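Asks: Questions regarding the structure given below will be posed in turn.
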Amino acid sequence: MSVTGWGSAAWVNRVMRMNRALRGAGAGVWAYVRSAPGTYVWLGVLFVTTVALHRMSPEFEREFLRARSTNLRELASNPVRVLVASAMWIAGGRWLPYAVLYSVFHAQAERWLGTLRWLAVCAAAHVLATLISQGALLVAIRAGLVPSTAVDTMDVGVSYALAGVVGVLTYRVPAPWRYGYLPAVLLVYGAPLVLRPTFTDLGHVVSVLIGLACRPLVPGPRKNHETRRRQ
């Protein structure tokens, strides 16, 4: 065979190996996505709503999100609607960072806990942290510490559910790494509350604590099913 023929064959072999590698990587990604259906359905909804936000004018977007915010005014009139709707939009319009965070945290938690228990952690963190942080805001308004206009504060997003999942994943991290993971989580979420506190920062800390309180939802250690042979 000529040198040109050998070169062509080697090039074809490289292309075939590359195609096999790409197919294998694609199959691996698809298997990972299928193993956490709730995470990626939610992420898909967020992608669609983020695209919709980019098509709105800034003024319309602000009013649109305000009507779906879990602020005091909307919670007083439409609590269930806004608690659900607020978890379907991302303020700021940046979807890609959430795609990474969902893949790193939500997908791992769903694969470990199962979809229903993962969803229970998300719902508990999102709902309870919202109610507690907004309750604290109401107390501050009545005490005169915050202006009354804060009842209309925009509050949408998925960060409370994410913080709850980050908290419950503490039980997934094996020792001794767990003893570094938990302080790091508390530092990331607790430092803003200490340095420049907002009611959203309070909600994040509450969400992490709710995630830690979801210990009963965590699967127990696998039992050893090996039987001893009789002598």
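The values are calculated or read from the model by the stated rules, or taken from the named source; none is laboratory data. Keep in mind the model is a prediction, meaning the values are calculated, not measured. Don't worry about glycine lacking a Cβ; one is built from the backbone with ideal geometry, like all the others, and counts go over all protein chains shown. Keep in mind that these areas ignore ligands, DNA and RNA; they rest on the heavy atoms of the full protein, side chains included. Shrake-Rupley method; radii C 1.70, N 1.55, O 1.52, S 1.80 Å.
Asks: For a Förster distance of 45 Å, can you work out the FRET efficiency between the beta-carbons of residue 149 and residue 100, rounded to the nearest 0.05? Mind dumping the intermediate values first?
Replies: Values: r = 35 Å, r/R0 = 0.78.
Plugging the Cβ-Cβ distance into 1/(1 + (r/R0)^6) gives 0.80.
Asks: Which loop-located GluC sites (Glu not before Pro) does the stretch 32-63 contain, where loop means any DSSP state but H, G, I, E or B and the Cβ has at most 15 other Cβ atoms within 10 Å?
Replies: Details: sites: 59, 61, 63; in loops: none.
The qualifying sites: there are none.
Asks: Based on the alpha carbon coordinates of the stretch 31-159, what radius of gyration and maximum Cα-Cα distance (Dmax) apply, in Å?
Replies: Looking at the stretch 31-159, its Cα Rg and Dmax stand at 16.0, 54 Å.
Asks: Could you report the accessible area of residue 212 in Å², rounded to 10, computed with a 1.4 Å probe on the protein chains as they sit in the structure?
Replies: Approximately 40 Å² for this residue.
Asks: Largest first and in whole Å, give the semi-axes of the stretch 106-226's equivalent ellipsoid, each being the square root of 5 times a Cα gyration tensor eigenvalue. Kindly include the intermediate steps, with their values, before the conclusion.
Replies: Values: eigenvalues 204, 48, 20 Å².
Ellipsoid half-lengths, sorted descending, are 32, 16, 10 Å.
Asks: If I stretch the segment between residue 141 and residue 186 completely, what's the gain in nm (0.36 nm per residue apart, minus their alpha carbon distance), one decimal? It would help to have the intermediate numbers written out before the result.
Replies: Numbers: separation 45, 0.36 × 45 = 16.20 nm, distance 2.75 nm.
In short, 13.4 nm is gained.
Asks: Got a sec to turn the phi values of the stretch 74-88 into Karplus ³J(HN,Hα) couplings, 6.51 cos²θ - 1.76 cosθ + 1.60 with θ = phi - 60°, whole Hz, x for Gly and Pro?
Replies: Residue by residue, the stretch 74-88 yields 6, 5, 6, 9, 9, x, 5, 4, 6, 5, 6, 5, 5, 8, 10 Hz.
Asks: Something else now. To the nearest Å, what is the center-to-center distance of the stretch 164-211 and the stretch 119-149, using C-alpha atoms only?
Replies: 18
Asks: For the stretch 57-163, with all protein chains present and a 1.4 Å probe, just round the carbon and sulfur fraction of the accessible area to a whole percent. Write down the numbers at each step before the final one.
Replies: On the way: 3490 of 5230 Å².
Carbon with sulfur: 67 percent of the solvent-accessible area.
Asks: Set the Förster distance to 30 Å, then compute FRET efficiency between residue 30 and residue 112 from the Cβ-Cβ distance, nearest 0.05. Numbers along the way, then the final one.
Replies: On the way: r = 20 Å, r/R0 = 0.65.
FRET efficiency, residue 30 to residue 112: 0.95.
Asks: Residue by residue through the stretch 176-186, which ³J(HN,Hα) values in whole Hz follow from phi under the Karplus form 6.51 cos²θ - 1.76 cosθ + 1.60 (θ = phi - 60°), with glycine and proline marked x?
Replies: x, 5, 4, 6, x, 5, 5, x, 5, 4, 5
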